[in-house]
Amino acid sequence: MRTGRRTKRWFWRWRSNPLRRRVDVLEAWLVLAVCALIAVGGTLAGAVTALAADGVFARQRAERTAVDAVLLTDTPAAASSSYRTSAQIRWTDRDGAVHTDTTLVGSGKNAGARVTVWTNTQGALVTAPPSREAAAVEAGLLGTGAALAVTGLVVGAWGVTRWCLDRRRIGEWGSEWELVGPQWGHKTS
């Protein structure tokens, strides 16, 4: 024995129906546009952001050079081996020029110890570039964040639009009820 049948019909807002309002058709097209913007716009934003970030990281790896430097001052010992402290270092660049600067180095090192620092094409100290694996992960996370941001903006705009459409529908229902409501009133003879 069949207990019920499916009453929901696909694409009902596009079908000819005497109860269909223009607002319903507009909403149907907007839902389609929102889905397309999320699918295409989110994917495109994520891919472009990931490719751009990967390009920046590749450029950093190409422009930055590891240089051996000599520590000029002792660094205090710390309880943790990951603790870094500021210290003076000296290094010689490719052209033979000697540079002195301050950078963060591991704790517990004596003056004269060798440390590796990174320089850019101008010879200034910079941070180490990310490895290929770390750059790929970070580019993927940035791409995912961009895709989610576009999705959030589209869904937020859809929410505001839906709120406006609902207010319009409620206004239309109110004006229609003002016309029909008095005809349904109770009449006593």
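The values are calculated or read from the model by the stated rules, or taken from the named source; none is laboratory data. Just so it is clear, the model here is predicted, and its values are computed rather than measured. Heads up, the Cβs are rebuilt from the backbone with ideal geometry, glycines too, and the neighbour counts pull from every protein chain shown. Surface accessibility is based on the protein's heavy atoms, side chains included, excluding ligands, DNA and RNA. Shrake-Rupley method; radii C 1.70, N 1.55, O 1.52, S 1.80 Å.
Points worth noting:
- Linear extension gain, Thr144 paired with Ser86, 0.36 nm per residue minus alpha-carbon span: 17.3 nm
- Considering only Thr144, Ala157, Thr43, and ranking their Cα positions along the charge dipole of the chain that arises from unit charges at the beta-carbon of Lys, Arg, Asp and Glu, the one farthest toward the positive end is Ala157.
- Extension reserve of the Glu172-Ser131 stretch, reckoned as 0.36 nm per residue once the Cα distance is removed: 8.7 nm
- Remark: the chain carries a charge dipole of roughly 1560 debye about the Cα centre, counting +1 on each Lys and Arg Cβ and -1 on each Asp and Glu Cβ.
- For the stretch 118-140, backbone nitrogen atoms closer than 15 Å to the point 7 Å from Leu72 Cα along Cα-to-C-beta are found at 125.
- Across the accessible surface of the stretch 31-90, with the other protein chains kept in place and a 1.4 Å probe, carbon and sulfur atoms take up 63 percent.
- Three-way shape label, the stretch 78-189, alpha-carbon gyration tensor, a/c 1.5: prolate
- Within the set (1) 23.6; (2) 16.2; (3) 17.1, the number that Kirkwood radius over Cα pairs in Å takes when calculated for this structure is listed as (1).
- Computed over protein heavy atoms with a 1.4 Å probe, the carbon and sulfur contribution to the accessible area of the stretch 93-189 reaches 59%.
- Taking all protein chains into account, the per residue accessible area for the chain stands at 73 Å² (1.4 Å probe).
- The stretch 35-140, dipole about Cα centre (Lys/Arg Cβ +1, Asp/Glu Cβ -1), debye to the nearest 20: 120
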